[in-house]
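Undergrad: Please read through the structure below; I'll follow up with questions.
What follows is calculated from the coordinates using simple rules that are stated; it is not laboratory data. Since the structure is predicted, the reported quantities are computational estimates derived from the model, not experimental observations. For neighbour counting, all protein chains shown are included, and Cβ atoms are generated from backbone atoms with ideal geometry for every residue, glycine included.
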Amino acid sequence: MSQYTDYFRTSPPLALATANSHAREGVERHKAGALGCYIRLGDCGTRRVWRGLSSDAEGLERVLWWMERQRDYPLQIAVSFGKPSNDVPAWESVSQRLSQSNVEHMFNINIKNGDDLLPFIGLLQRSESVIIQNCPLVSLEALKGIPRINRLVLLRCRGTFTISPLSTCPNLTSLRVLGCPNLTSVETLGSLRSLREIFLPQTPITNLDFLKYCSLLESVDLNHCSGLFSLAGLGGLEKLKAIHASYSRVESIGDLGGCSSLELVDVNGCKVITSLSGLSGLTCLKTLKVNETAITDLQAVAGCVALETLSVRGCKKLTTLAPLSGLRNLKALDANRCGIASIGDLGGCVALEIVDICNCKNLTSIAALAGLQKLRKVNAGGTKITEVDSLAGCAALEYVCVRFCDGLTSLTGLSGLQNLREVYARGAPVSPGDPPRSCPALQILSYDDDESSSGYDSEWEE
């Protein structure tokens with residue numbers, strides 16, 4: 001059926017959908033759906049979805065016959081409410097009719113600029129996902145004991161309120177809070193044993209002990225929590241995959257050793273972290289970000305065999321990359337502004353695609369990069385290298401930056417690289433009259449401070 005419905009850019013004809021149940025499902029699986037309904041597969045299984053604004057209730061009632069005809073998938077109604085909340089009774093009427101017709105349904109509600117949650121209490125009882133934004137909240141009592149809710153987002157909610165009513169929502173799996181500075185009683189979340197994701201950046205949280213029994217937890221975001229000094233409460237959470245604690249005041253990651261499923265750790269800007277010892281043996285770890293910390297060595301990551309992305313930018317006490325030599329899955333390395341004097345150990349990192357060693361003032365050679373067949377981007381600006389001939393065998397190379405490399409006098413070592421597109425050499429004493437030869441893909445060869453010469457850093461951040 002999809003080969004027919006995909007022919008239509010907009011919603012396929014309703015007549016096609018009414019041919020039989022198979023045709024109807026095919027039409028509703030089209031990205032535009034039919035009569036506002038479309039079928040999607042999500043985390044909670046396959047759902048028939050309808051989306052709209054609170055003012056669309058009457059329009060939905062006119063097509064309820066369509067939803068009542070086929071009840072093979074639960075109906076998910078995603079609706080946004082603004083201020084005032086006069087449309088709530090109409091949606092309660094829609095819900096009542098669907099219940100009378102034995103149509104299993106639930107709501108995803110987005111409440112914007114509301115003064116109170118009490119008018120929504122009836123709809124909230126049937127809600128799985130709730131987003132509350134720009135509301136002067138003083139209480140979350142309206143959410144107390146909601147059996148269906150599995151996702152709650154609180155955005156820029158002014159006022160002082162306690163989060164403790166959520167402790168009675170047994171199926172809550174995701175909590176995201178942003179811009180709610182007066183939130184209190186976060187520790188009550190420890191009773192929510194179904195939590196899988198918790199997003200609490202910039203909150204006045206001081207310890208994580210309350211999370212130690214949330215055994216299903218997979219992702220934690222505590223970025224910019226200025227009162228947080230320790231990750232001890234996360235130790236031993238075997239399903240935990242991602243920790244974001246950048247620019248907090250975390251002093252150590254030594255408690256993460258028991259988090260055997262960890263794939264991502266971000267402690268950028270935690271300036272007093274001196275050791276990565278807690279990461280030893282984490283064989284699932286793929287991404288590690290420890291920019292601007294006080295680490296002195298990388299020995300702890302030598303056994304992180306799945307590591308793909310490592311960022312140690314601004315770690316000025318780091319003097320060697322030797323422990324990386326056996327990481328055959330490492331694809332991206334950002335060692336910008338580090339204290340390293342050699343990259344001689346990167347030769348064994350055969351999967352490397354991106355290397356940023358810019359402003360490593362003690363670095364004199366990039367010979368270790370020779371022959372890395374997957375290498376696409378090299379930023380060696382501001383180093384003491386004297387040649388780029390080592391890159392001649394890097395067949396996939398697309399980007400080279402050697403700005404302000406005072407000892408570099410020639411770019412001819414890049415000649416013959418078939419995929420080379422961009423070369424930036426401002427501030428290096430190379431001759432514009434002696435450019436790389438036989439580089440058919442070359443688009444930018446910059447010796448000047450032009451606008452295009454800032455491209456590498458932005459691509460790295462992506």
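Undergrad: ³J(HN,Hα) across the stretch 427-444 via Karplus (A = 6.51, B = -1.76, C = 1.60, θ = phi - 60°), whole Hz, x for Gly/Pro?
TA: The phi angles translate into x, 9, x, 9, 8, x, x, 10, x, x, 10, 6, 10, x, 8, 5, 10, 10 Hz.
Undergrad: A further question follows. Quick check on packing: order 360-370, 252-262 by the mean number of other C-beta atoms within 10 Å, highest mean leading. Mind dumping the intermediate values first?
TA: Values: 360-370: 17.9, 252-262: 20.2.
Peptide ranking by packing, descending: 252-262, 360-370.
Undergrad: Suppose every K and R has +1 on its Cβ and every D and E has -1 on its Cβ; what is the size of the dipole of the stretch 350-455 about the Cα centre, in Debye to the nearest 20? Please report the intermediate quantities before stating the final value.
TA: Details: 9 positive and 12 negative charges, 56 e Å.
So the dipole magnitude of the stretch 350-455 works out to roughly 280 debye.
Undergrad: Please say if the stretch 177-316 is rounded, prolate or oblate, where rounded means a/c under 1.5 for a ≥ b ≥ c the square roots of the C-alpha gyration tensor eigenvalues, and otherwise the choice is prolate for a/b larger than b/c and oblate otherwise?
TA: On the way: a/c = 2.08, a/b = 1.35, b/c = 1.54.
It comes out oblate by the Cα gyration axes.
Undergrad: Could I ask something else about it? Suppose R0 equals 35 Å; then what is the FRET efficiency for Ala294 and Gln133 from their Cβ-Cβ distance, rounded to the nearest 0.05? Each step should come with its number before you reach the end.
TA: Details: r = 38 Å, r/R0 = 1.09.
Efficiency for this residue pair is about 0.35.
Undergrad: Okay, next question. Indicate the gyration tensor shape class of the stretch 350-455 (rounded, prolate or oblate), computed on the Cα atoms with a ≥ b ≥ c the square roots of the eigenvalues: a/c under 1.5 is rounded; otherwise a/b larger than b/c is prolate and the rest oblate. Don't jump to the answer; show the numbers that get you there.
TA: Values: a/c = 1.38, a/b = 1.07, b/c = 1.29.
Taking the square roots of the gyration eigenvalues as a ≥ b ≥ c, the stretch 350-455 is rounded.
Undergrad: Determine Rg/Rh for the stretch 74-172; Rg is computed over alpha-carbon atoms and Rh is the Kirkwood hydrodynamic estimate from the same atoms. Write out the running numbers ahead of the final one.
TA: Numbers: Rg = 13.1 Å, Rh = 13.7 Å.
Rg/Rh: 0.96.
Undergrad: What net charge do the residues around Arg126 carry, taking every other residue with its C-beta under 11 Å from that of Arg126, with Lys and Arg at +1 and Asp and Glu at -1? Let's see the in-between values first.
TA: Working: positive: Arg148; negative: Glu92, Glu104, Glu128.
Around Arg126, the surrounding residues sum to -2.
Undergrad: Also, I was wondering about something else. Roughly how many nanometres apart are two label points built 7 Å out from the Cα toward the Cβ at Asn182 and Glu68?
TA: Label-label distance for Asn182 and Glu68, simple model: 4.6 nm.
Undergrad: Rounded to whole Å and sorted largest first, list the principal axis extents of the Cα atoms in the chain.
TA: Between the extreme Cα coordinates on each principal axis of the chain lie 80, 54, 36 Å.
Undergrad: Cross-link partners among lysines for Lys331, C-alpha distance below 27 Å, same-chain residues fewer than 8 apart left out?
TA: Excluding near neighbours in sequence, the set is Lys239, Lys241, Lys271, Lys286, Lys289, Lys316, Lys317, Lys361, Lys374, Lys377, Lys384.
Undergrad: Could you work out how far apart the two model spin labels at Thr162 and Ala441 are, taking each label as a point 7 Å from the Cα in the direction of the beta carbon, and quote it in nm?
TA: The modelled label-to-label distance comes out at 6.1 nm.
Undergrad: Hey, what number do you get for the chain at 222 nm if only DSSP H runs of n ≥ 4 count, each worth -39500 (n - 2.57), divided across all residues, to the nearest 500? All intermediate terms of the calculation are to be shown ahead of the outcome.
TA: On the way: 8 runs with 51 residues, N = 462.
Helices in the chain give a 222 nm mean residue ellipticity of -2500 deg cm²/dmol.
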